[in-house]
Amino acid sequence: MVRVHPVITKFLIFLIMTVSLMNCEKDNGISVGSTDAVFNPSLSYGTMTDQDGNVYKTIMIGNQTWMAENLRTKKYSDGTNISNVKDHSAWLELISGAYCSYNNTKNADSICTYGLLYNGYALASGKLAPEGWHIPTFEEWNSMINYLGGTSIADGYLKESGYTHWNSPNTDADNMSGFTALPGGFRDNVFRDLGKSCWWWTTTGEHPNIRTVVLHYKYAELTYFLQANNCGLSIRCVKN
């Protein structure tokens, strides 16, 4: 049997613990993985932390500071748990807030990369955003989009460049803004469009006509849709 010097053993334990802390966080005892999103290396990002202890990159666009990653909290800002509803029939019948991961995946890295999907009831609770942040109105989205040149070109400035997550052709994507939009898809009666589109809630409108912001892999133009509470969409927050 090979005997290892106690000092070396302690160093190895320390190294393993350090690597573990660098590559994952803990959320209610469940490991939360690392994002492999491709951020803009020429820009300077900040950070913020949500009520669940998840850490996100942030980016300044014009006079607004945005999260550069999709929200993935499993708690409201008052500390109460949000329901995780996996069954499609149950999801469609909900009249209360809920979240899910795409395809109900348990893959920690995927959740960390794409974030979680929330229904309109969770949005309407007013308790999803971390302290000091809020879910943007349509007008706040529009302000950022106009700063980037309008709907006809802002799409490319917002999307993560390349094909790590987006399907080809990922038209005009260069992530000039640093927003690093990822195609997390959406949920209605099934899960749809991972790799093809990203959908975000705004706080403008009421069920069944809540305004949403949509980016697509085929198009250079950003679009808007109206959605109902039983849809599961991504969320980005903007700083108060």
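The values are calculated or read from the model by the stated rules, or taken from the named source; none is laboratory data. Quick caveat: nothing in here was measured; it's all calculated off a predicted structure. Reconstructed Cβ throughout: ideal geometry from the backbone, glycine too, with neighbour counts over all protein chains shown.
Tabulated data
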| quantity | calculated |
| --- | --- |
| Selection within the range 115-141 - within 15 Å of residue 204 (Cα to Cα) and crowded, with 19+ Cβ neighbours inside 10 Å | 119, 120, 122, 123, 135, 136, 141 |
| Residue that is of a type in the set (Gly, Ala, Ser), more than 25 Å from residue 191 (Cβ to Cβ) and out of contact with any Ser or Thr (no Cβ under 6 Å at 6 or more places or on another chain), where the choices are 162, 132, 120 | 132 |
| Positions within the range 123-171 being charged (D, E, K, R) and modelled with pLDDT of 95 or more, in sequence order | 127, 131, 139, 140, 159, 160 |
| Single condition residue 171 does not satisfy, out of (1) outside any loop (DSSP other than H, G, I, E, B); (2) surrounded by fewer than 18 Cβ atoms within 10 Å (Cβ to Cβ) | (1) |
| The range 201-215: number of residues that are in contact (Cβ under 8 Å) with a residue 40 or more places away in the chain and either of a type in the set (Val, Ile, Thr) or in a strand (DSSP E or B) (or both) | 9 |
| Residue match in the range 39-47 (condition: aliphatic (A, V, I, L, M) and at pLDDT below 95) | no |
